[in-house]
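For reference, the structure discussed in these notes is given below.
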Amino acid sequence: MLAADGGLGRSAHRQRSCTVKRKRWGGLRQQWKLLGLFEIDEQHEFYSLTCMMKEGLAAASQRTIDNAPRNELSDEDYRSEVTQIHKVGG
């Protein structure tokens, strides 16, 4: 419906706005489907890898919790170099 000034009326504008939002959400839903999220159970070829990653993340998180950083950093903190060696199957 045309408004008195020759433009689109409010209801037409709202309808177009809803259509644009619907298309945007539809596109996001399609992208989510393509992300490749799936369950990895004991029979999956990457099960052992995901277990190692899970254990590593848990250990790293726990180490950070156990060794909480001090409130202030010193000059030594900025100069120090930390090296961690990853051991496989150990």
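The values are calculated or read from the model by the stated rules, or taken from the named source; none is laboratory data. Predicted, not measured: the structure shown is a model, and the values here were computed from it. Backbone-built Cβ (ideal geometry, glycine too); neighbour counts: all protein chains shown.
Using beta carbons and a limit of 7 Å, which pairs, at least six apart or on different chains, have the first residue in region 47-66 and in a helix (DSSP H, G or I) and the second one among the aliphatic types (A, V, I, L, M)? Short answer, once both residue conditions are applied: TYR47/ILE40; THR50/ILE40.
Given (1) at pLDDT 85 or above; (2) assigned to a helix (DSSP H, G or I); (3) among the acidic types (Asp, Glu), identify the lone condition not met by GLU42. (2) is the only condition that GLU42 fails.
Cβ-Cβ distances below 9 Å connect no pair with a first residue in region 75-90 that is of a type in the set (A, V, I, L, M), a second residue that is part of a loop (DSSP other than H, G, I, E, B), and a separation of six or more residues or different chains. Looking across region 45-77 at every residue that is polar (S, T, N, Q) and surrounded by 10 or more Cβ atoms within 10 Å (Cβ to Cβ), the one that is modelled with the lowest pLDDT is identified as THR64.
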